[in-house]
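Enquirer: Once you've had a glance at the structure underneath, I'll fire off some questions.
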Amino acid sequence: MMVSHSSRVLFVHVQKTGGITIDRMLQEALPDFEFLPGLGGGRHARLGPALRTYPELSEYFIFGFVRNPWARLYSWWAMIKRAEADAAAGVEKAANQMDHNRLWKRVLATCPDFEAFVLRGTQEQRELQRTQISYLRAKQREADFIGRQERFDADLHEVFDRLGLAWPGTTVHANTGPNADYRQHYSEEMRDRVAEVFAADLQRFGYEF
């Protein structure tokens, strides 16, 4: 989670929705855009705990992004496997990530493939069970703007406009996902499991498989 006190903006970073790109672009535009400390979940802290710790932030402009849940889970799995392969090839950054990311370690120890990641991971791993709206909604407060990863540039442009910032004119994604159509990697059972776990997201945002 990132904050700029001078611009009174709080960014809630839901995993695999373009958050690293948003962090970088706003850090370039806002010199004091920085990590908000003291929260469980670190970069991916949820709005509810953040406002309990920092109640004054409820007056800020709060925003985040979401993504089709089926595409999001496939992108998450692909990222973990890519990091595993890079670490095995001697890429230092990937090796450090593998050493320090407890979720990735648990996933790789228990999920040999994407099917297990969906069917077993969403039962055993708390992070994989959380709906996206749960990151962006507190007891008496919801994010002011929720963008979609599927229309990333246009929605982020709107955030810049709301903050009175000049749009840089181009978006270079920092952590691009797989190019393959996520649908081909799902069985009917896997598809239904995601629909069950993320029912609140489907209802709130209208996503379909």
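Enquirer: Could you list, in sequence order, the residues of segment 127-144 that are buried (at least 16 other Cβ atoms within 10 Å of the Cβ), farther than 23 Å from residue 80 by Cβ and touching a Phe, Trp or Tyr at 6+ places or on another chain (Cβ under 6 Å)?
Expert: 143
Enquirer: If you check every pair at least six apart or on different chains, which have Cβ atoms under 8 Å apart with a residue in segment 90-106 that is at pLDDT 90 or above first and a residue that is β-branched (Val, Ile, Thr) and surrounded by 15 or more Cβ atoms within 10 Å (Cβ to Cβ) second?
Expert: 104/80
Enquirer: Moving on to the next point. Give the residue, chosen from 189, 158, 196, that is in contact with a Gly (Cβ under 9 Å, 6 or more places away or on another chain) and either modelled with pLDDT of 95 or more or not hydroxyl-bearing (Ser, Thr, Tyr) (or both).
Expert: Only one candidate qualifies: 158.
Enquirer: Then there is this: Can you pull out every residue in segment 154-170 that is surrounded by fewer than 11 Cβ atoms within 10 Å (Cβ to Cβ) and in contact with a Leu (Cβ under 8 Å, 6 or more places away or on another chain)?
Expert: Listed by number, the list is empty, since nothing qualifies.
Enquirer: Could you grab me the full set of residues in segment 145-161 that are charged (D, E, K, R) and within 14 Å of the chain's Cα centre (by Cα)?
Expert: Matches in segment 145-161: 148, 150.
Enquirer: Looking at segment 1-84, what strands (runs of 3 or more DSSP E) fall wholly within it and have at least 3 residues that are free of Cβ contacts under 8 Å to residues at least 40 places away in the same chain, farther than 30 Å from residue 185 by Cα and out of contact with any Pro (no Cβ under 9 Å at 6 or more places or on another chain)?
Expert: Here the list is empty.
Enquirer: Within segment 7-42, track down each residue that is in contact with a Ser or Thr (Cβ under 7 Å, 6 or more places away or on another chain) and surrounded by fewer than 17 Cβ atoms within 10 Å (Cβ to Cβ).
Expert: 32, 38
Enquirer: Turning to a different aspect of this structure: Based on this model, can you work out whether residue 29 counts as touching a strand residue (DSSP E or B) at 6+ places or on another chain (Cβ under 8 Å) and either more than 28 Å from residue 166 (Cα to Cα) or among the small types (Gly, Ala, Ser) (or both)?
Expert: Criteria not met by residue 29.
The values are calculated or read from the model by the stated rules, or taken from the named source; none is laboratory data. Keep in mind that what you see is a predicted model, and the values were worked out from it rather than measured. Note that we place each Cβ from the backbone using ideal geometry, even for glycine, and neighbour counts take in every protein chain shown.
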